[in-house]
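The values are calculated or read from the model by the stated rules, or taken from the named source; none is laboratory data. Note that the coordinates shown come from a computational prediction; the quantities given were computed from them, not determined experimentally. Heads up, the Cβs are rebuilt from the backbone with ideal geometry, glycines too, and the neighbour counts pull from every protein chain shown. Surface areas here come from the heavy atoms of the whole protein model, side chains and all, with no ligands, DNA or RNA. Shrake-Rupley method; radii C 1.70, N 1.55, O 1.52, S 1.80 Å.
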Amino acid sequence: MTLVSRLLAGAMLLAAPVAVQAATKPAPKAAAVAPVNAAPGDAYFKAGEAALAKALTVSPNTGRAKNVILFLGDGMGISTVVASRIYEGQQRGVDGESNSLSFEKLPWTALSKTYSHDTQVTDSAAGITAITTGVKTRNKIIGLTGQSLPEKCDSEAGQRVETIAELAKAHGLSAGAVTTTRITHATPAGTYAHTAYRDWEGDNDMPSEALKAGCVDIARQLVEAPTRIRLDVALGGGRSRFLPEGKDGKRADGRDLTAEWLKAPGAAYVTTDAQLAALDPAKTGPVLGLFANEHLPYEVERPVLGEGVPTLAAMATKAVDLLSKNPKGYFLLVEGGKIDMGSHLNNAKRTMTETIEFSKAIQAVIDKVDLNETLIIVTADHSHGLVISGYANRNAPILGLAGNEGEPIVAGDGKPYTVLSFATGPGGVEGDGARADPSKEDTDDVDYHQQALANLPSSAHSGEDVGVFADGPGAYLVRGVVEESYIYQVMRHAYGFDAR
Ligand SMILES: [Zn+2]
C-alpha cells in the first residue's frame, strides 16, 4: 500500500459508519414512504440536542464584576487543550476524545490573536502585557509600550502602562498573583512589573549599566511597589531572587527582600504548603509565599521534589480566601506556568499533566466563588508547536504511536510516528542524521521527547490563535476573534472602571 492509498484508506475508515449505512439502505420505492432519518436515535445527535438545550439557557450577565480571576495557561494552545482533554479522559478510563477539561465547559469563548508589537509569534512577556494592560509591546518587555526596546534601560522612561492589578488596587480592591514558576517570571511579573527585559528578575541578572542607570529588578519591584498598588498575595517559586548570596539566594546587593516584605502591617512570608494552609485570612496582611528557589517542580516530579510544595489548586484557593476579605473585591492571576516549559522540552507528558493540574485549579476556584459576582477568564498567552497527527483509532493512547487496529501507521521513511509531535525543539534530529524509530522507544516515559521537525535547544512558541473561555459578569463580551489586548478591556469594563 502506498502512503497516499494508506492515507485515503484511513480517511475512508473515518467516514465509514455513515457512508456504509447510506450505501446499504434500500432506496424508497414510492413517494409516499417517508425517508428514514436515523439521526435522532444516534448518540452524537442526542448529545448535540442536550448541548443545544443547555446553550439556550445561557444569557449574558451584563452586571458588574466585583472580582476578576484571570487564569493563564502559559503556552496552552488549542492542540495542547485537546491533547490534555484526551489524556485526562484516558487516565480516568473514559472516552478521551469527547472528554472536557473544566474550563471547556465555560459558556463564552473567543479566539485571541497573540502576535506581539514586533513579532508574528509572541513571548510570554509581550503576551501578558497585552492581556494585563491592553497594550501590545515588544517581546521580552513587560508593562511598557512598544516604544521601549528590549534590554535598553533608558527606553523605560515614560513608557509605563498600568496593569489591571494596579488599576484594581487604585480603586481600593485587592490583587494577587499565583504561579508554578518563579513569581518574578514573565507572566506573574505582568501584574506588577515594568521592565525593558523580562530576565532582569534579580539584580544579579542585570548588567551593571542598567543598574547604574536606575533600572530596578523585578523582585524589588514586587516588594517596593507603593502600598496603594502593591500585590496583597504573591505565591510561587523564585526565592533566589529575594535572598542575598550566601543565604540561599542570588542577590548581589545583599538585601533580604523577604524581610523587607515583612515590614508591612500583618505581612506574612511562607515557604511551605503547611504554612500557607495555616494562614488565617482574617488576621493576615500581605502574603508572600515562595515555595522553591527557582520554579516549582513539575507535577510529575511531585513524588520526588514536591515535599512542602503546594499544588496550584491549593495556592489558588488560598489566594481567593485571602483576597476575599476585601469587601470591594479583588483581581487574581493564576498561572499554569509549566505547561509552556514542558512544551519547550518537547515533553508532551509534562505539558499535559501541567494542563490537567491547571484545569483542576480552575475547577477548585469555580467551586468556591460566586459566578454572579466573579468574572472568570481562562486563556493562554501563546501557543506551542504541538501537533496531533492522524489517523490513530479512537481511544488510541495519546502518548502512543499513531496506528490502526494495533498496526502502526508507517511513514515514507518506513518508520511509525507518534500521535503527538512538535514543529521545533530538542526532539528534532541534530545534524544530517535520520529520524529515530519511535516504536523502539518508550513514548510514555516521563522524560520522552516527542520528535520535532527542526532541532532547536528549546521549542519555539507558535503563532496561531489561542482560546479564551469565560463565565460570570461581562463574560458575554468574550466572543468572536479578538486581539489579545482586548481581554484587558473586557476585565476593565466588567469592573466598571473607566479607561484612564
Ligand atoms: Zn515559553
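Looking at 173, 149, just one residue is surrounded by fewer than 24 Cβ atoms within 10 Å (Cβ to Cβ) and under 27 Å from residue 358 (Cβ atoms), and that residue is 173. For segment 129-143, the count of residues that are in contact with a Phe, Trp or Tyr (Cβ under 9 Å, 6 or more places away or on another chain), open to solvent by 50 Å² or more (accessible area, probe 1.4 Å) and modelled with pLDDT of 95 or more is nonzero. Among residues of segment 382-405 being assigned to a loop (DSSP other than H, G, I, E, B) and within 16 Å of the ligand (Cβ to nearest atom), the one that is farthest from residue 123 (Cα to Cα) is 385.
Select from segment 99-157 the residues that are among the small types (Gly, Ala, Ser) and free of Cβ contacts under 8 Å to residues at least 40 places away in the same chain and write down the one among them that is nearest to residue 81 (Cα to Cα).
Taking segment 99-157 as the starting set, the residues that turn out to be among the small types (Gly, Ala, Ser) are 100, 102, 110, 112, 116, 124-127, 130, 134, 143, 146, 148, 155, 157.
Okay, now just the ones that are also free of Cβ contacts under 8 Å to residues at least 40 places away in the same chain, so 100, 116, 126, 146, 157.
Working: 100: 9, 116: 22, 126: 22, 146: 30, 157: 39 Å.
Among those residues, the one meeting the criterion is 100.
Given the condition modelled with pLDDT of 95 or more and within 24 Å of residue 139 (Cα to Cα), answer yes or no: does some residue in segment 402-421 qualify? Checking segment 402-421: not a single residue is modelled with pLDDT of 95 or more and within 24 Å of residue 139 (Cα to Cα).
Conditions tested, residue by residue: (1) touching a residue at least 24 places away in the same chain (Cβ under 8 Å); (2) surrounded by fewer than 21 Cβ atoms within 10 Å (Cβ to Cβ); (3) of a type in the set (A, V, I, L, M, F, W, C).
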residue	(1), (2), (3)
447	yes, yes, no
452	yes, no, yes
457	yes, yes, no
462	yes, no, no
471	yes, no, no
474	yes, no, no
481	yes, yes, yes
488	yes, no, no
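Scanning segment 68-82 for residues that are within 15 Å of residue 344 (Cβ to Cβ) and either more than 16 Å from the ligand (Cβ to nearest atom) or not in a helix (DSSP H, G or I) (or both) yields 73, 74, 75, 76, 77. Among residues of segment 83-120 being in contact with a Lys or Arg (Cβ under 9 Å, 6 or more places away or on another chain) and closer than 26 Å to residue 319 by Cα, the one that is nearest to the ligand (Cβ to nearest atom) is 101. Taken over segment 312-359, the residue count meeting the criterion of being more than 16 Å from the ligand (Cβ to nearest atom) and part of a strand (DSSP E or B) is 5.
Per the listing 304, 309, 300, 369, the residue uniquely open to solvent by 20 Å² or more (accessible area, probe 1.4 Å), part of a loop (DSSP other than H, G, I, E, B), more than 16 Å from the ligand (Cβ to nearest atom) and β-branched (Val, Ile, Thr) is 369. Among strands (runs of 3 or more DSSP E) entirely within segment 446-500, having at least 3 residues that are hydrophobic (A, V, I, L, M, F, W, C) singles out 452-455, 466-471.
Against the definition (at pLDDT below 95 and either part of a strand (DSSP E or B) or not assigned by TED's automatic domain parsing to the domain that holds residue 366 (or both)), how does residue 13 come out, yes or no?
Details: at pLDDT below 95: yes; either part of a strand (DSSP E or B) or not assigned by TED's automatic domain parsing to the domain that holds residue 366 (or both): yes.
Yes, satisfied.
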